[in-house]
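Structure, as structure tokens:
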Amino acid sequence: MLEKLLRKKNVVSDHSIANRISGIQNRHIPAHVAIIMDGNGRWAKQRNLPRVAGHHEGMKTVRKITRIANDIGIKVLTLYAFSTENWKRPKLEIDFLMKLPGEFLSTYLPELIEQNVKVEMIGNIDMLPRHTKQAIQKAMEDTVNNTGMTLNFAMNYGSRLEITESVKAIAKLVESGSISSEDINESLIETHLMTKHLPEPDLLIRTSGEVRLSNFMLWQLAYAELSFTDVYWPDFDEVCMLNAIEEFQLRNRRFGNVEGEGNA
Ligand code: IPE
Ligand code: IPE
Ligand code: MG
């Protein structure tokens, strides 16, 4: 009886999710959504589980959110998976986190291919352990010709490092005489960032109740809409994602101008 009821509830919620997706598609869909996936450790602690259990559970959320983002028609989904500051964590936790891309991709790569998703990465790949690097490289190679959503993992990513590297590269261009300092402008800086081929994020979501950027896309988020939720990443589901996007669509983005056009 209970099972029957639950199944019924699922059908209803699947139906309402589909309705909400079509509602979203009738308005302006954010081209790029970036997510700071936070709260795995606290999710586990709440259940008296080790922190790594939260990271493992968080992988299932990655699968769910990738699927719904792709269904909605979002062009780029960037997921902050490991920051340049996360190396400060205990070695055991880091080792676990470094195994997750391999596990995630060996389980879900066929599904991503089927969904026409293209896997990419921003961050310094060279500093990652060999097995992590290989898993990510294989996923990128296997999906390079896919034309659907780009699933962009920020792995060993830090925005200050990214900006520092771009300043260094531009300084070299000036030093060698290829450009003069007068040629430095915002678009030149942008073309030296790791996101040079991507649109700017329209919407940033951070889970777990923390209200900070933690060195994530500091340049790129200049005009993004920010959405914070108390939900821990392993509990973030399709409904949470739809809530964030619907809220985004009600915002009035002015970009410094006075005549605000809604997103509808
Ligand atoms: C996010 O969850 C995952 C990573 C930063 C790798 P946390 O591990 O930060 O979880 P909390 O914030 O400690 O709960
Ligand atoms: C930000 O989360 C990094 C990722 C989600 C990968 P953290 O949990 O590391 O951020 P802080 O330390 O709370 O700022
Ligand atoms: Mg955290």
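The values are calculated or read from the model by the stated rules, or taken from the named source; none is laboratory data. Treat the numbers as computed from the prediction; the structure is a model and nothing was measured. Note that each Cβ is placed from the backbone with ideal geometry, even for glycine, and that neighbours are counted across all protein chains shown.
Of note:
- In the stretch 70-81, the condition of being among the small types (Gly, Ala, Ser), more than 16 Å from ligand 3 (Cβ to nearest atom), modelled with pLDDT of 95 or more and part of a loop (DSSP other than H, G, I, E, B) is met by at least one residue.
- Any hit, the stretch 190-203, residues being out of contact with any strand residue (DSSP E or B) (no Cβ under 8 Å at 6 or more places or on another chain), assigned to a helix (DSSP H, G or I) and aliphatic (A, V, I, L, M): no
- Scanning the stretch 103-160 for residues that are assigned to a helix (DSSP H, G or I), surrounded by 17 or more Cβ atoms within 10 Å (Cβ to Cβ) and among the hydroxyl-bearing types (Ser, Thr, Tyr) returns Tyr108, Thr132, Thr143, Ser159.
- Pick from the stretch 69-102, criterion more than 16 Å from ligand 2 (Cβ to nearest atom) and among the small types (Gly, Ala, Ser), ranking: surrounded by the most Cβ atoms within 10 Å (Cβ to Cβ): Ala69
- Residue match in the stretch 224-241 (condition: within 17 Å of Ser159 (Cβ to Cβ) and either of a type in the set (Lys, Arg) or modelled with pLDDT of 95 or more (or both)): yes
- Qualifying residue in the stretch 118-141 (condition: closer than 29 Å to Arg212 by Cβ and either within 16 Å of ligand 3 (Cβ to nearest atom) or in contact (Cβ under 8 Å) with a residue 60 or more places away in the chain (or both)): yes
- Once the stretch 1-56 is narrowed to residues that are of a type in the set (Asp, Glu) and modelled with pLDDT under 95, the residue that is surrounded by the most Cβ atoms within 10 Å (Cβ to Cβ) is Asp14.
- If the condition is being more than 16 Å from ligand 1 (Cβ to nearest atom) and among the β-branched types (Val, Ile, Thr), then the stretch 190-248 contributes Thr191, Thr195, Val239, Ile245.
- Conditions (1) of a type outside the set (S, T, N, Q); (2) in a helix (DSSP H, G or I); (3) touching an Asp or Glu at 6+ places or on another chain (Cβ under 8 Å): number failed by Leu100: (3)
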